[in-house]
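The values are calculated or read from the model by the stated rules, or taken from the named source; none is laboratory data. Keep in mind the model is a prediction, meaning the values are calculated, not measured. Positions of Cβ are backbone-derived with ideal geometry, glycine not excepted, and every protein chain shown enters the neighbour counts. These area figures cover heavy atoms from the full protein model, side chains too; ligands, DNA and RNA do not enter into them. Shrake-Rupley method; radii C 1.70, N 1.55, O 1.52, S 1.80 Å.
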Amino acid sequence: MHPDGHVSWFLNGKLNVCENCVDRWAEETPDRIALIWEGDDPSHSKRITYRDLHTQVCKFANMLKRLGVRKHDTVGIYMPMIPETVYAMLACARLGAIHSVVFAGFSSHSLRDRLDDAHCKVVITADQGVRGGKVIPLKSVMDEALKECPLVEKCIVFKHQGHDIDWTEGRDEAMRPYCPLEPMDNEDLLFMLYTSGSTGKPKGIAHSSAGYLLYAAMTHKYVFDYHPGDVHACVADVGWITGHSYVVYGPLCNGATTVLFESVPTYPDPARYWHMIEKHGISQFYTAPTAIRALMVHGDEWVSKHDLSSLRVLGTVGEPINPEAWRWYYEVVGRKRCDIVDTYWQTETGGHLLTPLPGAIRCKPGSATRPFFGVEPVVLDSKTGQPLEGDDVSGVLCIKKPWPGMMRTVYGDHERLLNVYLRPYKGFYHTGDGAVRDKDGYYWITGRVDDTINVSGHRLGSAEIEHALVQHPGCAEAAVVGFPHSVKGAGLFCYVTMNNEYEVNEGTVNELRDIVRKEIGPIATPDHILIVPALPKTRSGKIMRRLLRKIASNDTGSLGDVSTLADQQVVSDLINAAQKLF
Ligand code: WT7
């Protein structure tokens, strides 16, 4: 691994990602379906051919161009899961503009911070989104964000629901065929996507054009055993890397038919996925363990009454899958004839790092098994930083050599790439995860080793949530930790102290919860908020998160070494307070 993070693939090569994903298929197989859109309402769906995709992307690109979008500009996208979102991403790629998709569940504050950090001059949104029958007022959230984004000059609004919305003349443009392709260098950035770290504001993880596209396409082909004619369904939102790599870029680069799912797994009922698989003849289905766990509790009947014979490969991503959920997926959904791929990777990695290959790697439920082609994982001793040789070892998971899909920089802050990923263990890329390599050389992810928390497969930074909590006028200090949650994987447990003069009342906890929802978004809604007299700190003033995690997990039998604690009484106060919640 180069110490300065210099990575390039296809040096001096030229390409256009949109040409690879759209134009060549529009020429070779114009009538093949590129996108199947499955709307929130199960009676709404649309099929878009490669020919149509080409026309729509060109129109969109021309509109962007008319608004002044040029090569290397950044464009913010805040959209629901609809075909226009894919047109917008590909239109940016066509012009050589860097897109920054912000998940439509983020609040106006999170949106503002991301648009601002990315220096977006043009943003794209929709009037409204709808998920599980619930309306998401995207345009008004965008309006709120734009009040504090002086750089944004144009806001394109797609009328998805066709409702009346507020309109700012001059800034907001309505939608209205061929657009030439911009030749791009191999290393030109294709997009950035924000992700949380243990400290500071979210990082704009920036990906390249040639290497990223190769990696997304190659992993899509081999990990899902893709063959022409397959209908590939990754039900992730395009607001996350999974949607970028396995809804849009990987499948389209391979000329596949890819499904865009607008809804949620339980709407209108817990058979939604299975109904959709039968309806569209889906061959590969890719979801998160949290969704599997949420559906398992409704019983097998919802699944068994559907014809799922089109399925061949079932994938999971986002967090380790517990063996019970794995077996249910394998037996009830896959009827013991589909391969399961538990894919371990990150926003930063662009595509899968550790994963089985269907039919080629024997699975162990709960293990992401072995590295993908070209990936060289190492398990390091966390104290010495030395690689642990041989099998049956446990430590920190790092990667030895670059791979094509690796992130190229943190947008606007290359130092951060070095500090977070390349400097902690010299010569290696640090994943931030702990791992075991078992006696057979299989990898098991043991969880994050930093202060990030994986809630329903989404990484949240404890620092961000703490920052939101202290926005409350009465809040003095906050510490947020994860605790095991039966559906979400991890839940959020927030400890807060209030200012002495502040009078806590019945509404305080709700106010604190609302502040987090407003500052970050509903995905970060705390499960528990505990107002406590003091936080456990070391004599040097560091919050002892290890203790807070134990108390939040109701695992107070052995608290470990507490001798460095400044005030021992604090711990028993916390345990007593927490007991009331369990
Ligand atoms: C973190 C990355 C990659 C898209 C979804 C999340 C955890 C991801 C697995 C898996 C165990 C996993 C890791 C990783 N993770 N997949 N199959 N087994 N853990 O992307 O938000 O960038 O989060 O998710 O902790 O570091 P992300």
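Restricting region 1-60 to residues that are β-branched (Val, Ile, Thr) and under 30 Å from residue 421 (Cα atoms), the residue that is modelled with the lowest pLDDT is 7. The single condition among (1) more than 28 Å from residue 362 (Cα to Cα); (2) within 10 Å of the ligand (Cβ to nearest atom) that residue 458 does not meet is (1). From the list 130, 157, 141, the lone residue that is open to solvent by 20 Å² or more (accessible area, probe 1.4 Å), among the β-branched types (Val, Ile, Thr) and more than 26 Å from residue 201 (Cβ to Cβ) is 130.
Scanning region 280-309 for residues that are open to solvent by less than 20 Å² (accessible area, probe 1.4 Å), β-branched (Val, Ile, Thr), more than 15 Å from residue 247 (Cβ to Cβ) and more than 16 Å from the ligand (Cβ to nearest atom) turns up just one, 303. Looking at region 331-342, can you tell me whether even one residue there is open to solvent by 30 Å² or more (accessible area, probe 1.4 Å), within 27 Å of residue 293 (Cα to Cα) and touching a Gly at 6+ places or on another chain (Cβ under 9 Å)? Yes, region 331-342 has at least one match. For residue 65, state whether it is more than 26 Å from residue 237 (Cα to Cα), in contact with a strand residue (DSSP E or B) (Cβ under 9 Å, 6 or more places away or on another chain) and of a type in the set (D, E, K, R). Taking the combined requirement at face value, the residue does not satisfy it.
In region 439-452, the residues that are open to solvent by 60 Å² or more (accessible area, probe 1.4 Å) and of a type in the set (S, T, N, Q) form Cβ pairs under 9 Å with partners that are within 12 Å of the ligand (Cβ to nearest atom) and assigned to a strand (DSSP E or B), at six or more places apart or across chains, as follows: 446/397; 446/433; 446/434; 446/435; 446/436.
Against the test of being surrounded by fewer than 23 Cβ atoms within 10 Å (Cβ to Cβ) and among the aliphatic types (A, V, I, L, M), the options 82, 124 yield a single qualifying residue, 82.
Looking at 509, 504, 496, can you tell me which residue is among the β-branched types (Val, Ile, Thr) and part of a loop (DSSP other than H, G, I, E, B)?
504
If you go through region 478-523 and keep only what is closer than 18 Å to residue 552 by Cα and out of contact with any helix residue (DSSP H, G or I) (no Cβ under 8 Å at 6 or more places or on another chain), you end up with 484, 485, 490, 491, 497, 509, 513. Within region 237-278, the set of residues being touching a His at 6+ places or on another chain (Cβ under 9 Å) and among the acidic types (Asp, Glu) comprises 262, 269, 278. Can you name the residue in region 487-529 that is touching a Lys or Arg at 6+ places or on another chain (Cβ under 7 Å) and open to solvent by 10 Å² or more (accessible area, probe 1.4 Å) and, of all such residues, is farthest from residue 454 (Cα to Cα)? Step by step, filter region 487-529, then rank; the result is 529. Screening residue 266 against (1) more than 16 Å from the ligand (Cβ to nearest atom); (2) at pLDDT below 95 leaves a single unmet condition, (2).
Does residue 214 satisfy the criteria of being in a helix (DSSP H, G or I), surrounded by fewer than 24 Cβ atoms within 10 Å (Cβ to Cβ) and either away from the ligand (no atom under 16 Å from the Cβ) or not polar (S, T, N, Q) (or both)? Yes; evaluated as a whole, the condition is true for this residue. Somewhere in region 344-358, is a residue of a type outside the set (Ser, Thr, Tyr), more than 16 Å from the ligand (Cβ to nearest atom) and open to solvent by less than 30 Å² (accessible area, probe 1.4 Å)? Checked against the condition, which is being of a type outside the set (Ser, Thr, Tyr), more than 16 Å from the ligand (Cβ to nearest atom) and open to solvent by less than 30 Å² (accessible area, probe 1.4 Å), region 344-358 yields no hits at all.
Does residue 532 fit the bill of being among the β-branched types (Val, Ile, Thr), modelled with pLDDT under 95 and open to solvent by less than 30 Å² (accessible area, probe 1.4 Å)? Against the criterion (among the β-branched types (Val, Ile, Thr), modelled with pLDDT under 95 and open to solvent by less than 30 Å² (accessible area, probe 1.4 Å)), residue 532 qualifies.
Of the listed requirements (1) under 30 Å from residue 118 (Cβ atoms); (2) within 16 Å of the ligand (Cβ to nearest atom); (3) surrounded by fewer than 20 Cβ atoms within 10 Å (Cβ to Cβ), residue 412 misses just one: (2).
Residue 262 meets the conditions (1) within 28 Å of residue 362 (Cα to Cα); (2) in contact with an Asp or Glu (Cβ under 7 Å, 6 or more places away or on another chain) in every case but one. The failed one is (1). If you go through region 234-260 and keep only what is more than 16 Å from the ligand (Cβ to nearest atom) and either outside any loop (DSSP other than H, G, I, E, B) or surrounded by fewer than 22 Cβ atoms within 10 Å (Cβ to Cβ) (or both), you end up with 252, 253, 255, 257, 258, 259, 260.
Report yes if residue 462 is hydroxyl-bearing (Ser, Thr, Tyr) and over 20 Å from residue 203 (Cα atoms), otherwise no.
No: the conditions fail for residue 462.
The helices (runs of 4 or more DSSP H) found entirely in region 47-129 that carry 2 or more residues being aromatic (Phe, Trp, Tyr) are 50-66. Taken over region 21-52, residues that are among the acidic types (Asp, Glu), more than 30 Å from residue 131 (Cβ to Cβ) and buried (at least 17 other Cβ atoms within 10 Å of the Cβ) amount to 1.
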